[in-house]
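Trainee: My questions will all concern the structure given below.
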Amino acid sequence: MALYTHHLPAWKKKEVEDIKKHSGEFSLIGLVDMYGIPATQVQQIRRNLRGTATIKMTRNTLIKHAFEEIGGDKSAVSKYISGHSALIFTNENPFKLFKTLEKTKTKMAAKAGEIAPEDIIVEKGPTSFKPGPIVGDLQQAGIPAAIEAGKVKIRETKTIVKKGQAVTQKQAEVLAKLDIKPMDVGLLLQVAFFEGDMYEPSVLAIDEDKILAQIVLAGQQAFNLSLNAGIPTKETIVPMITKAAREARSLGIEASIYEKDVIDAIIGKAYRETVALKGITEGK
């Protein structure tokens, strides 16, 4: 038995051994924050990840024990433990795992004290509420409200909680009544250890559409540069020959070089010029 677990109860030793076993079986080890996720959603997430990833929920102290025993580069995983951490094991790459976990998020009502992930905006317009105490509740929460046609109406669009600010009790109550669910609830990846490197969420949160657009633009610019600079490549050789043939033809026509491929065009050009000249002279 390793140095760190000889004093632990049997069930804790088993937890540590399970973590060590999984760490050797999967290519990616991650930490996820489980804070605030209802049990029913946790079960649904487990079902959605079945066959892709395995979630191991245990105490933070046991996670630290396990990685202290594992040692090496993997031991750095324990430095990222915070809040209600759990382990996730998979053979997917960290970018794909991050994207998968983002899809597990659902919108939920805000609770007092929670931090707004984005600006929480209440749009102007009519509500389904009849006149009553709700008008005062809305106004206390910073939402301008009035009675119109027998219904409560929000008079103007209002940002009641800015990104990074805490939601007050009154704001939470009003948002719930308005059925506004601003909170993203799901597994939050804290760090992923993969092929000897640590990946934090800031590195993994990439905009795939933006990256793809940049790659396409770079490809187009490289193609145009190669074509205009006369650099033959597999992709540009056919357009370069086509361009050269077109320019050679135009030059032959303009310079009246009598070749079989351009003679018809030269005659046509001469005819058009004759007609134009005739029109000018007759006009005089």
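Trainee: Mind telling me which of T233, T90, T157 comes out most flexible in a GNM of the chain, alpha-carbon contacts under 10 Å?
Mentor: Between T233, T90, T157, it is T233 that shows the largest mean-square fluctuation.
Trainee: Helix by helix through the chain, keep the DSSP H runs that span 24 Å or more along the axis on Cα and average at least 1.0 on Kyte-Doolittle, and give those back in order.
Mentor: Helix filter hits for the chain: none.
Trainee: I would also like to ask the following. Given contacts defined as C-alpha pairs under 8 Å and at least six residues apart, what's the relative contact order of the chain, whole-number percent?
Mentor: Over the chain, the number comes to 20 percent.
Trainee: On a full-extension model of 0.36 nm per residue, what is the gain between I147 and L212, subtracting their alpha-carbon distance, rounded to one decimal in nm?
Mentor: Full-extension gain reported as 18.4 nm.
Trainee: Which of (i) 107, 71, 28; (ii) 53, 47, 40; (iii) 60, 53, 30 is the computed Cα extents along the principal axes in Å for the structure on display?
Mentor: (i)
Trainee: Rounded to the nearest 500, what is the chain's calculated 222 nm mean residue ellipticity when only DSSP H runs of at least 4 contribute -39500 (n - 2.57) each, over all residues?
Mentor: -14000 deg cm²/dmol
Trainee: Quick one: which residues, 5+ away or cross-chain, put their amide H under 5 Å from the amide H of I29? H built at 1.01 Å from N.
Mentor: For I29, whose amide H was placed from the backbone, the distant partners under 5 Å are F193.
Trainee: Using Cα springs under 10 Å in a Gaussian network model of the chain, which residue among D33, D184, D209 shows the largest mean-square fluctuation?
Mentor: Ranking D33, D184, D209 by mean-square fluctuation puts D209 first.
Trainee: Treat each spin label as a single point 7 Å out from the Cα along the C-beta direction, and report the I134 to E200 distance in nm.
Mentor: Distance between label points: 4.5 nm.
Trainee: Could you work out how far apart the two model spin labels at K79 and E17 are, taking each label as a point 7 Å from the Cα in the direction of the beta carbon, and quote it in nm?
Mentor: Between K79 and E17, the label points sit 3.1 nm apart.
Trainee: While we're here: Once Lys and Arg get +1 and Asp and Glu get -1 on their Cβ, which of V32, I266, P232 lies farthest toward the positive end of the dipole of the chain?
Mentor: Going by the charge dipole, the pick is V32.
Trainee: May I ask you to derive the relative contact order of the stretch 211-283, considering only C-alpha pairs under 8 Å and at least 6 residues apart, and to give it as an integer percent?
Mentor: 14 percent
Trainee: Determine the principal axes of the Cα atoms in the stretch 211-283, then give the extent along each, sorted from largest to smallest and rounded to whole angstroms.
Mentor: 63, 29, 15
Trainee: Listing F193, F223 from the residue with the fewest other Cβ atoms within 10 Å to the one with the most, what is the order?
Mentor: F223, F193
Trainee: Okay, next question. Cα-Cα over 22 Å: which of K158/K181; K105/K181; K74/K107; K12/K64; K21/K56; K20/K64?
Mentor: From K158/K181; K105/K181; K74/K107; K12/K64; K21/K56; K20/K64, over 22 Å: K74/K107.
Trainee: Would you mind ranking M183, M240 by Cβ crowding within 10 Å, fewest neighbours first?
Mentor: With the sparsest Cβ surroundings first, the list reads M240, M183.
Trainee: Take a quick pass over the stretch 211-283 and tell me how many lysine pairs come in under 29 angstrom between Cα atoms, counting only ones 8 or more apart or on separate chains.
Mentor: 6
Trainee: Report the one residue of I134, A112, S256 whose Cα lies farthest in the direction of the positive end of the charge dipole of the chain (charges on C-beta: Lys and Arg +1, Asp and Glu -1; origin at the Cα centre).
Mentor: With unit charges placed on the Cβ atoms, the residue in question is I134.
Trainee: Calculate the spin-label point distance for D264 paired with N91, positioning each point 7 Å from the Cα along the beta-carbon direction, and give it in nanometres.
Mentor: Simple spin-label model gives 6.4 nm for this pair.
Trainee: Work out how far the C-alpha atoms of the stretch 1-75 reach from end to end along every principal axis, then list the three figures in whole Å, largest first.
Mentor: 37, 26, 18
Trainee: Now, a different point. I need to check one value: relative contact order of the stretch 120-183, counting alpha carbon pairs closer than 8 Å and at least 6 residues apart, in percent.
Mentor: Once normalised by length, the contact order is 38 percent.
Every read-out reported here was derived from the displayed coordinates using simple, explicitly stated rules and does not represent laboratory data. Values in this document were obtained by computation on a predicted structure and should not be read as measured data. No Cβ is skipped: glycine too gets one built from the backbone with ideal geometry, and neighbour counts run over all protein chains shown.
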